[in-house]
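Below is one structure; the comments refer to it alone.
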Amino acid sequence: MAEPSTSYSLSPGGKKKRPRSPGDNDEQPPERNQICTSLEDNLLFSDTMIALQLMRTQFPKLEKVVTQPFILQSQLYSSVKDRTQVDRDLESMKKDKVLRVFKLSSGQDDHAIMFMDDYLKQVASAVKRSGGRDQDGGEVFEWFERDVVQTKLDVSINQQELTRQLIDPNIYWFAIPSIGPILKGLSQGRKEILSLLSRKKYKEMLLSSLEKTKLRFSPLDTRFLIRDLIGSGHIKTVQTPTGLLARISRD
């Protein structure tokens, strides 16, 4: 697989160019689900933005769940070898307001990455469904977009109007509207895949076979979950003459 060019490049004057997000008009990434190559063929990338854009296109479509695409930070770690560079790129893209990072309630280290354009669409959709655009909620949304989203770039804020988390009652997490069913599917899917591997004699399967497994308890795409489990360290991959093996980590 040819290595992609780096998205975070420098202009002739030495100034860092703003990376393109899926909402930019001059160049659109592939449509969701357009890229259907196997996980083994597109597991690793040398560039953070290319990995983000590809995984955005592969975000699973779920019935009765209206959620803009997001990428788990663990999935990004599974796909770009240099984690330090990933963290630097994410910080740069946060400051450039290309994306937002969210702390998830599904696990202590779970974070989601959503392009800013997608997040604003998600919030606007939630407001529309609630009828807020025709009531006082419209003004709140406009204030939130203008004075909060564009200026508060961390995962949390000291603001009582925003989603409270229980670890510290004085801190409130930014949240992705309508994400609840996906978080439930994430937890169930993780358990199901790890249970499947643990029942194998050597606690391993060919990656090509594992990604074709039909899950019983999670509506999420198996590939979505495998990337997450690799990046979080629950599964490791081993190259063999017959292909890439997915194996439960023992350390």
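The values are calculated or read from the model by the stated rules, or taken from the named source; none is laboratory data. Note that the structure is predicted; figures quoted are calculated from it, not measured. Note: ideal-geometry Cβ built from the backbone for every residue, glycine included; neighbour counts use all protein chains shown. When the accessible area is computed, the model is the full protein with side chains, heavy atoms only, and any ligands, DNA or RNA have been set aside. Shrake-Rupley method; radii C 1.70, N 1.55, O 1.52, S 1.80 Å.
Counting only residues that are more than 30 Å from ALA124 (Cα to Cα) and either touching a strand residue (DSSP E or B) at 6+ places or on another chain (Cβ under 8 Å) or open to solvent by less than 20 Å² (accessible area, probe 1.4 Å) (or both), how many does the range 171-196 have? Show your work before the answer.
Taking the range 171-196 and keeping what is more than 30 Å from ALA124 (Cα to Cα), we get 190-196.
Checking which are either touching a strand residue (DSSP E or B) at 6+ places or on another chain (Cβ under 8 Å) or open to solvent by less than 20 Å² (accessible area, probe 1.4 Å) (or both) leaves us with 193-194, 196.
So the answer is 3.
Give the range 106-129 a look and list any residue that's small (Gly, Ala, Ser) and open to solvent by less than 10 Å² (accessible area, probe 1.4 Å), or say none.
The initial filter retains those residues of the range 106-129 that are small (Gly, Ala, Ser), namely 106-107, 112, 124-126.
Of everything in the range 106-129, just one residue is small (Gly, Ala, Ser) and open to solvent by less than 10 Å² (accessible area, probe 1.4 Å), namely ALA112.
If SER105 meets every condition in (1) within 12 Å of ILE182 (Cα to Cα); (2) among the polar types (S, T, N, Q); (3) modelled with pLDDT of 90 or more apart from one, which number is that one?
For SER105, the exception is condition (3).
When you look at SER195, is it modelled with pLDDT of 90 or more and outside any helix (DSSP H, G or I), yes or no?
Numbers: modelled with pLDDT of 90 or more: yes; outside any helix (DSSP H, G or I): no.
No; evaluated as a whole, the condition is false for this residue.
Scan the range 33-44 and give yes if some residue there is modelled with pLDDT of 95 or more and aliphatic (A, V, I, L, M), otherwise no.
Within the range 33-44, the first condition is being modelled with pLDDT of 95 or more, and the residues that meet it are none.
No, every residue in the range 33-44 fails to be modelled with pLDDT of 95 or more and aliphatic (A, V, I, L, M).
Among residues belonging to the range 197-251 that are open to solvent by less than 30 Å² (accessible area, probe 1.4 Å) and touching a Gly at 6+ places or on another chain (Cβ under 7 Å), point out the one that is farthest from SER74 (Cα to Cα).
Applying the filter and picking the extreme gives LEU215.
From the list PRO219, PRO181, which one is of a type outside the set (S, T, N, Q), in a helix (DSSP H, G or I) and at pLDDT below 95?
Only one candidate qualifies: PRO181.
Please specify each residue of the range 79-105 satisfying the condition of being over 18 Å from TYR172 (Cβ atoms), surrounded by 14 or more Cβ atoms within 10 Å (Cβ to Cβ) and of a type outside the set (D, E, K, R).
Hits for the range 79-105 are SER79, VAL80, GLN85, VAL86, LEU90, SER92, MET93, VAL98, LEU99.
Quick one: in the range 64-78, which of the residues that are over 14 Å from the mean Cα position of the chain (by Cα) and closer than 19 Å to GLY189 by Cβ is surrounded by the most Cβ atoms within 10 Å (Cβ to Cβ)? Give the steps one after another, and end with the answer.
So in the range 64-78, the residues over 14 Å from the mean Cα position of the chain (by Cα) come out as 64-66.
Among the residues that remain, those that are also closer than 19 Å to GLY189 by Cβ are: 64-65.
On the way: LYS64: 6, VAL65: 14.
Ranking the qualifying residues of the range 64-78, first place goes to VAL65.
Tally the residues that are farther than 16 Å from ALA112 by Cβ, in contact (Cβ under 8 Å) with a residue 60 or more places away in the chain, open to solvent by 10 Å² or more (accessible area, probe 1.4 Å) and in a loop (DSSP other than H, G, I, E, B), restricting the search to the range 37-63.
3
Among the listed residues GLN159, GLN135, GLN165, which satisfies the condition of being at pLDDT below 80, assigned by the TED database to the domain that holds ARG100 and under 26 Å from ARG83 (Cβ atoms)? Steps first, please.
Values: GLN159 fails: under 26 Å from ARG83 (Cβ atoms); GLN135 fails: under 26 Å from ARG83 (Cβ atoms).
Sole residue among the options that is at pLDDT below 80, assigned by the TED database to the domain that holds ARG100 and under 26 Å from ARG83 (Cβ atoms): GLN165.
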